[in-house]
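Report on the following structure.
The values are calculated or read from the model by the stated rules, or taken from the named source; none is laboratory data. For clarity, every value in this text was computed on a predicted model and none was experimentally measured. Ideal geometry is used to build each Cβ from the backbone, glycine not excepted, and the neighbour counts take in all protein chains shown. Quick note on the areas: whole protein, heavy atoms, side chains included, nothing else; ligands and nucleic acids left out. Shrake-Rupley method; radii C 1.70, N 1.55, O 1.52, S 1.80 Å.
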Amino acid sequence: MVTERMYEKLAELVVRKGVNVQKDQPVVINAYVHDAPFARLVVQKAYEAGARTVTVEWRDTELMKMAFRYVATEVLTDIPQWQYDKMKDQHDKGACYVTIVSEKPGALADVDGEKLAAANRATFTKMADLIPYTMNNVGQWCVIGVPSVDWAKAVFPELPEDEAFERLGDAIFAVTRVTEDNDPIAEWNAHDQELIAHCDKLNGYDFKKLRFTSGLGTDVEVELVRDHVWVGGGATTPGGVYFDPNMPTEECFCMPLKTGVNGTVYASKPLDYKGRLIDKFWLRFEDGKAVDFGAEKGQEALAELIGFDEGSCYLGEVALVPYDSPISQSGILFFNTLYDENAACHLALGRAYPENLKGGTEMSPEELAAHGANSSMEHVDFMFGTADMSVDGIREDGTVVPVFRNGNFVF
Ligand code: ZN
Ligand code: ZN
């Protein structure tokens, strides 16, 4: 059972280790109104850590649904200048960002898909030059989750509400490494070191490409960009502040060459795309591009994702996650990428992370593109790792190095 003390430890963990709040730094917290008690705890801990100001940006799914129902597309897509100015000001003052997730899976399933895509596209366009602040780790950011009743009901539909909530809470705290009597910060430090050690090995091999196969039918070669960097665990800002962007995290991730992906990928878990569920789907890639795809459920949402913009039919991330990771072992499908992406090897359609390329965070969009990095307004992870997944690393000279057997690292 999750106790008050554990919530307090989680709040402390996200502030001290997650974003690693610095003295006199402004903190911005994105939280749902139904998570107000926990958000207040994070505010308290942030002030205790020396935050200069703490601002909470409240979210409410019901209000969002109303906006999509009543407000015209041309109004929804007219993003006000003050929204841009506010975020720009936060960036100028060096803010860090905490995002608390707990949303009900498929919450926006009934929203007009085209309207939603148009609004998202307008926001991305308006905010385009502000995205690198977190994308390139200029300022610290961290995403964590807490249980909500609606989320729990979707994860455990067969259980009574209170039991479902308790089960989800137990799972979230366990995979986030917070228990009643542990030292979560020490555990996170050790965990980060383990992920970094795997990345060091992968970087040492400097593979030209990876080949993934699974019993589901996946058989795909993913070429990596030259001078790629495997990243895992925390990240460091240009000012030298170490932070953990995702809690939990179990992945070592890298940058695929935009035009270097060939073969077929079968997803191993459903994908919640902007509130709509895509399940039992596959994609076929030719020279990097998803040229064919199918889904037993959510075909339309998948088509929307792939057709979202020029880059959303190409990959921007390839990530290795051991099948033995605590999230995978929990056997729970969270219907939330923060958790599910850490249960299995995954790929992402859409933009690449510049940190996965040597010197990438200092490169212009044109330079990144010249190195084979994909760019898109989207970045959507989907899981394809399985218990029987094999991964081979293929070096420039053709040498084949086993990386994964039966879903886990062999080194
Ligand atoms: Zn990832
Ligand atoms: Zn990703």
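Of all residues in the stretch 337-359, those being away from ligand 1 (no atom under 16 Å from the Cβ) and either of a type outside the set (Lys, Arg) or touching a Ser or Thr at 6+ places or on another chain (Cβ under 7 Å) (or both) number 1.
Just checking, does the stretch 221-233 include any residue being modelled with pLDDT of 95 or more, under 16 Å from HIS346 (Cα atoms) and away from ligand 1 (no atom under 16 Å from the Cβ)? Step through it out loud before you land on a result.
Keep residues of the stretch 221-233 that are modelled with pLDDT of 95 or more, which gives 221-232.
So of that shortlist, the ones also under 16 Å from HIS346 (Cα atoms) come out as 221-224, 230-232.
Imposing the further condition that a residue be away from ligand 1 (no atom under 16 Å from the Cβ) reduces the set to 221, 223.
Yes, the stretch 221-233 contains at least one residue that is modelled with pLDDT of 95 or more, under 16 Å from HIS346 (Cα atoms) and away from ligand 1 (no atom under 16 Å from the Cβ).
For the stretch 325-336, the criterion of being within 16 Å of ligand 1 (Cβ to nearest atom), of a type in the set (A, V, I, L, M) and more than 28 Å from ALA107 (Cα to Cα) is met by none of the residues. For the stretch 67-140, the helices (runs of 4 or more DSSP H) that sit wholly inside it and include 2 or more residues that are out of contact with any Pro (no Cβ under 6 Å at 6 or more places or on another chain) and at pLDDT below 95 are 113-127, 132-135.
Scanning the stretch 90-144 for residues that are open to solvent by less than 20 Å² (accessible area, probe 1.4 Å) and polar (S, T, N, Q) gives SER102, ASN137, GLN140. Scanning the stretch 314-352 for residues that are in contact with a His (Cβ under 8 Å, 6 or more places away or on another chain) and open to solvent by 20 Å² or more (accessible area, probe 1.4 Å) yields one hit, ARG351.
Considering the stretch 104-147, the residues that are charged (D, E, K, R) and in contact with a Phe, Trp or Tyr (Cβ under 7 Å, 6 or more places away or on another chain) include one that is farthest from LEU333 (Cα to Cα), namely LYS126.
The number of residues in the stretch 360-399 being open to solvent by less than 20 Å² (accessible area, probe 1.4 Å), under 19 Å from VAL229 (Cα atoms) and within 19 Å of the chain's Cα centre (by Cα) comes to 3.
Scanning the stretch 194-209 for residues that are within 20 Å of the chain's Cα centre (by Cα) and either loosely packed, with under 15 Cβ neighbours inside 10 Å or in the same structural domain as ARG226 (by TED's automatic domain parsing) (or both) returns a single hit, GLU194.
Assessment of the stretch 276-285 against the conditions (crowded, with 21+ Cβ neighbours inside 10 Å, assigned to a strand (DSSP E or B), in contact (Cβ under 8 Å) with a residue 40 or more places away in the chain and within 16 Å of ligand 1 (Cβ to nearest atom)) yields no matching residue. The residues in the stretch 141-158 that are free of Cβ contacts under 8 Å to residues at least 60 places away in the same chain and part of a loop (DSSP other than H, G, I, E, B) can be counted, and the count is 3.
Considering each residue of the stretch 172-205, count those that are in a helix (DSSP H, G or I), more than 22 Å from ASP227 (Cα to Cα) and of a type outside the set (Phe, Trp, Tyr), and give that number.
As a first pass, look at the stretch 172-205 and keep what is in a helix (DSSP H, G or I): 172-175, 184-205.
With the extra rule that they be more than 22 Å from ASP227 (Cα to Cα), the set shrinks to 172-175, 184-194.
Next, from what is left, pick out any that are of a type outside the set (Phe, Trp, Tyr): 172, 174-175, 184-187, 189-194.
Within the stretch 172-205, residues that are in a helix (DSSP H, G or I), more than 22 Å from ASP227 (Cα to Cα) and of a type outside the set (Phe, Trp, Tyr) number 13.
There is at least one residue in the stretch 228-244 that is crowded, with 18+ Cβ neighbours inside 10 Å, of a type in the set (Asp, Glu) and either within 16 Å of ligand 2 (Cβ to nearest atom) or in a loop (DSSP other than H, G, I, E, B) (or both).
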